[in-house]
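J.: Please see the structure below; I have some questions.
The values are calculated or read from the model by the stated rules, or taken from the named source; none is laboratory data. Everything quoted here is computed from the prediction, not taken from an experiment. Here the Cβ is made from the backbone with ideal geometry for all residues, glycine too, and neighbour counts use every protein chain on show.
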Amino acid sequence: MPPSEDAGGGPMGGAGAPDTTREIARDTARLAALYQELILDHYRRPRNKGTLEGADAHVAAKNPLCGDEIDLQLRFDRGRVAEAKFAGRGCSISQSSASMMTELVRGKAAAEVHALARRFAEMLGGSEEAAADERLGELRALSGVSKFPMRVKCALLPWKALEEGLRVPRR
């Protein structure tokens, strides 16, 4: 019998094949733990949290269902987000999303930011392709939120504030 037809552990499968299901599960668990740690790191040590003096845009957003609050401030320079800061309180998802978002959008033009916002929303809608998009950077750690529909609004809250902030005239 040729090896490709070997039912008992030949090169194409059977007892001698590596247990890829177990390896995939182990890798998935490691990645989930890494993502969890990244989310908690941004929650415990948020980047760009505080007040931005001389902001060109200031947007307050609140999720009345859970109490999350984001106060986003933006400064523009030649049509780009020169600086972004936020204040607020809420769950680790909303706060870490704001922290990651403010890092990612700095230096980007409005069109780029809108594209990132759409891609992030696609990821939270369950798109595996969007979850693999490296343009989202650390935000990909929030891909697991798609499995918890009530938490999607938490992750999107800072982005809704950002979209509103981009509507103000820029210098």
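The rows are residues; the columns are (1) at pLDDT 95 or above; (2) of a type in the set (S, T, Y); (3) not in a helix (DSSP H, G or I).
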{"residue": "G10", "(1), (2), (3)": "no, no, yes"}
{"residue": "P18", "(1), (2), (3)": "no, no, yes"}
{"residue": "A32", "(1), (2), (3)": "no, no, no"}
{"residue": "P46", "(1), (2), (3)": "yes, no, yes"}
{"residue": "S97", "(1), (2), (3)": "yes, yes, no"}
{"residue": "E103", "(1), (2), (3)": "yes, no, no"}
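J.: Here is a list of conditions, (1) closer than 21 Å to A61 by Cα; (2) of a type in the set (G, A, S); (3) in contact with a Leu (Cβ under 9 Å, 6 or more places away or on another chain), and A141 meets all of them except one; can you say which number that is?
T.: Evaluating A141 over (1) closer than 21 Å to A61 by Cα; (2) of a type in the set (G, A, S); (3) in contact with a Leu (Cβ under 9 Å, 6 or more places away or on another chain) leaves (1) as the failure.
J.: Only one of R22, R89 is among the basic types (K, R) and either at pLDDT 95 or above or within 22 Å of H114 (Cα to Cα) (or both). Can you tell me which?
T.: R89 is the lone residue from the list that is among the basic types (K, R) and either at pLDDT 95 or above or within 22 Å of H114 (Cα to Cα) (or both).
J.: Of all residues in the stretch 127-171, count the ones that are more than 19 Å from S94 (Cβ to Cβ), exposed (fewer than 14 other Cβ atoms within 10 Å of the Cβ) and at pLDDT below 95.
T.: So the count comes out to 4.
J.: From the list L72, L142, L157, exactly one residue is out of contact with any Lys or Arg (no Cβ under 7 Å at 6 or more places or on another chain) and closer than 18 Å to E37 by Cα. Which is it?
T.: L142
J.: Across the stretch 116-171, what is the total count of residues that are in a loop (DSSP other than H, G, I, E, B) and over 17 Å from R80 (Cα atoms)?
T.: The qualifying residues number 6.
J.: Out of (1) closer than 26 Å to L104 by Cα; (2) modelled with pLDDT under 85, what's the single condition that is false for A55?
T.: (2)
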